[in-house]
Every structure is written in structure tokens, then in C-alpha cells.
Amino acid sequence: MNIGLVDVDGHNFPNLALMKLCAWHKSKGHTVGWADMFGHYDVVYKSKVFTWTPDDPFCYDADEIQCGGTGYGDYKKVVLLDNNIVASRHGIRQLEYCRDNGIAVDCNQGMDARIICKSEHLSNLIADLKPYGTKGIRIACDMDEEIEPCHKTIQKVLERNPKALFVVYCILTDNYEDSVRRVLEWRKYGHSVAVYAPPYRDFNNPRQVIPRWQKDLSRWASNHFIYYGCEWEEYRRSKGYET
């Protein structure tokens, strides 16, 4: 991934949030630098500390732009970037604080359903959170053994909050049958569950070739209306090829 950072305040002090984002993305092998208007970015992070600082006026060529920091107005909305927030007591305390204070929350990474489904407290906590944005509760299903915990988590949360929405992250691997199985699992929930299914990218292999079936499966699964509008086999045949 190519990541762009924007320190909107533009002061001489280090922006801790951007420093942490930089370190995390670099640990994953991603390219990170200050954003400009000449490159294309997978994600641009804009951070602002002070409410009186004017917002960044520039437009960036980016698939996704995320704005965060106390300078972006309402302290009643937060985006939590922890890679697995339910895996630590500190992370759970942050969620409890948000619930108890009516703070709308976007847990930006896929949470570990294997942990959530084993705890009545956690599944209730996730169900009771006020959502920030429209993407829903994000959980990860990158391996076959995560399918059942994801089902249990979805069912527990929907029992408590029937209006809850989910996004299931299903990374696509070289195993066609496994990838398709994990992607197809969620259609039974109707429009309560969306799927995000990016192909696995090996950032240590600049010559990696993404198979055509992964690209098409990703497009089919990640488009909410196509995912529920037609079968995968039907979509695949419409492309005129076999796997």
C-alpha cells in the first residue's frame, strides 16, 4: 500500500498519531510519506489537533481519506485504529468508555470474532456501541477456522441489536475453494452483512501477479448490490472464463 500523511496543523511538534500510523504501516511493508497532490495513495491520513486550524485545502488522489484528531470537531465521534482492540483490556476499556459516554465509534480494523463470541460481556458491548459512519461492525474472517466464531458473533450481536450492520473482512488467498467458501458464508444474513474481500498482497514480492479470479471475486463480493444480486458462479460465467 502507498500511504500519505498530512499534519494539518503544520506545527514543528511531532504528531503522535501520524507517527504511530507511520510505524504501523512500515512494519507491514507499506510505503509511507507526506502526502502531495502528484501521487496516488491507497489511504491518506489527515490529523489535526487544534479546532481553530483551518482544514487542509488540498485534494489528494486517494482511494480513502481518513480525518482524525481532536481538531476535527465533535469529541463525541472517534475512529479507533487498533488492529485488534478486543485483544487487550485497555482496548476494551476504551470501548466501555465510548458506550458509557454516548460516543459514536468506528473500530476501523477487523475485530477478532474468536474473542468476542466467547464473552457475553464483549458481544453485548459491541452491540451497544453507537456506530460512527455507515460501514458497520468490522470483523475478520481470513481463515477457515474463523467462520464459526464470526457466525456466533453476528448472531449474538443481532439478538441484542437487530439493526446492527457488519462488514466481514475476507482476505483472498491462493486457495480458490477456501476463499470462495469464506466469501459466500455471509449471504444468508441479507443486507445486514457486507463483505470486503481484497486479494492478499505480498509486499516482499514486487513481481506478484494477482490471479484474475481473485480480482473478480473481490469485485463481486465487495459490491453490496452485486453480492446479493447474483450468484458468484453466475457472475463468473458472465466474465467468460473458468477458474
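Some points to look at:
- Among D178, D128, D42: highest mean-square fluctuation, GNM of the chain, C-alpha pairs under 10 Å: D42
- For I137, nonlocal amide neighbours, meaning residues 5 or more places apart or on other chains whose placed amide H falls under 5 Å from its own, are L165, F166, V167.
- Computed E for Y196/F50 - FRET, C-beta separation, R0 30 angstrom, nearest 0.05: 0.35
- Set K118/K156; K188/K239; K156/K188; K48/K77 screened for pairs whose C-alpha atoms are more than 19 Å apart: K188/K239
- Considering only GluC sites (Glu not before Pro) in DSSP loops that have at most 16 other Cβ atoms within 10 Å, the longest stretch of the chain without any of them is 1-230.
- Relative counts (whole %) of C-alpha pair distances in region 98-223, using bins that are 10 Å wide: 13, 43, 30, 13, 2
- The chain - percent relative contact order, Cα under 8 Å, separation 6 or more: 11 percent
- Look at the alpha carbon pairs under 8 Å that are at least 6 residues apart: their mean separation over the length of region 1-72 gives a relative contact order of 38 percent.
- Using a Gaussian network model of the chain in which every pair of alpha carbons under 10 angstrom is joined by a spring, one finds that among V195, V49, V167 the greatest mean-square fluctuation is at V49.
- Within region 6-63, the trypsin sites (Lys or Arg not before Pro) that combine a DSSP coil assignment with at most 13 other C-beta atoms in a 10 angstrom radius are K28.
- Loop trypsin sites (Lys or Arg not before Pro), region 144-214 (other Cβ atoms within 10 Å of the site Cβ: 16 or fewer; DSSP): K163, R201, R207
- Counted by Cβ distance under 14 Å from H90, the other residues give a net charge of 0, where Lys and Arg count +1 and Asp and Glu count -1.
- Scanning the chain for chymotrypsin sites (Phe, Trp or Tyr not before Pro) that sit in a DSSP loop and have at most 14 other Cβ atoms within 10 Å, the longest stretch containing none of them is 76-199.
- Candidates C59, C22, C170: whichever shows maximal mean-square fluctuation once the chain is modelled as a Gaussian network with Cα springs under 10 Å: C59
- Whole-number Å³ per residue for the convex hull built on Cα positions in region 1-72: 79 Å³
- Note on the chain: antiparallel DSSP beta bridges, both residues inside, total approximately 0 percent of the bridges counted.
Bear in mind these aren't lab numbers, they're just calculated from the coordinates by the rules spelled out. The structure presented is a predicted model; accordingly, all values stated were derived computationally and were not measured. Cβ: placed from backbone, ideal geometry, glycine included. Neighbour counts: every protein chain shown.
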